[in-house]
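Chemist: Got a structure here, written out as structure tokens. Questions coming.
The values are calculated or read from the model by the stated rules, or taken from the named source; none is laboratory data. Only a predicted model underlies this, so the values are computations on that prediction, with no experimental measurement involved. Here the Cβ positions follow ideal geometry from the backbone for every residue, glycine too, while neighbour counts run over all protein chains shown.
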Amino acid sequence: MTAPAEELALRYLAEAIETATPAVRLTMLYDRLELDLRRAEVGFEQGDLKAISDNLIHAQEILLALRTTLREGVWDGAARLAALYDFLHGELLQANLAKDRTKLTGATELIAQLSQAWREAAAGSAGAERAMEQVGGAA
């Protein structure tokens, strides 16, 4: 892409994120999280340590962002979800430090289940938007 086209694409993406509903923002974060994990897996397949590290670090950053948006005083399940995010962050950290593919695989499976659950919640009810705003779903 040329520089002006790249700028335009980045501006479009930024506007899409800014104007997205909390449910859409949450699914966007999970989309990127799953993409990072797939890219890290490819890094393992190709022996590309930089790809593994870069993608796992970004995935960890997303998990931290998801965790910090939780409003534990509003939703009684927030503390359990925060603990799960902390666990997943630790697993990805260990996967990266030890180059442990099994840690990545286990975390990827759990994240896929979480992603699916949030997508179903977002699509399943009219009150999903309000609920996500209350619990801090990627506001």
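Chemist: Please verify whether residue 83 is more than 13 Å from the chain's Cα centre (by Cα) and under 17 Å from residue 32 (Cβ atoms), treating the condition exactly as stated.
Modeler: Considered against the rule, which asks whether it is more than 13 Å from the chain's Cα centre (by Cα) and under 17 Å from residue 32 (Cβ atoms), residue 83 comes out as no.
Chemist: Further, regarding this structure: Starting from segment 62-73, keep only residues that are at pLDDT 90 or above, then list their pairs with residues that are among the aromatic types (Phe, Trp, Tyr) whose Cβ atoms are within a distance under 9 Å, requiring at least 6 positions of separation or different chains.
Modeler: These pairs meet every condition: 62/30; 63/85; 64/85; 66/30; 66/85; 67/85; 70/85.
Chemist: Among all residue pairs at least 6 apart or on different chains, which show Cβ distances below 7 Å where the first residue, located in segment 79-108, is free of Cβ contacts under 8 Å to residues at least 24 places away in the same chain and the second is basic (Lys, Arg) and assigned to a helix (DSSP H, G or I)?
Modeler: Qualifying pairs under 7 Å: 82/67; 85/67; 86/67; 91/103; 94/103.
Chemist: Can you confirm whether segment 24-46 contains a residue that is modelled with pLDDT under 95, of a type in the set (Ser, Thr, Tyr), outside any helix (DSSP H, G or I) and within 17 Å of the chain's Cα centre (by Cα)?
Modeler: The answer is no; no qualifying residue exists.
Chemist: Residue 23: surrounded by fewer than 17 Cβ atoms within 10 Å (Cβ to Cβ) and over 30 Å from residue 99 (Cα atoms), yes or no?
Modeler: Against the criterion (surrounded by fewer than 17 Cβ atoms within 10 Å (Cβ to Cβ) and over 30 Å from residue 99 (Cα atoms)), residue 23 does not qualify.
Chemist: Which one is nearest to residue 110 (Cα to Cα) among residues in segment 35-58 that are crowded, with 17+ Cβ neighbours inside 10 Å and in contact (Cβ under 8 Å) with a residue 40 or more places away in the chain?
Modeler: Result: 37.
Chemist: For segment 63-80, name all the residues that are within 22 Å of residue 108 (Cβ to Cβ) and more than 13 Å from the chain's Cα centre (by Cα).
Modeler: 70, 80
Chemist: Can you pull out the residues in segment 47-61 that are of a type outside the set (S, T, N, Q) and either modelled with pLDDT under 95 or assigned to a helix (DSSP H, G or I) (or both)?
Modeler: 49, 50, 51, 52, 54, 56, 57, 58, 59, 61
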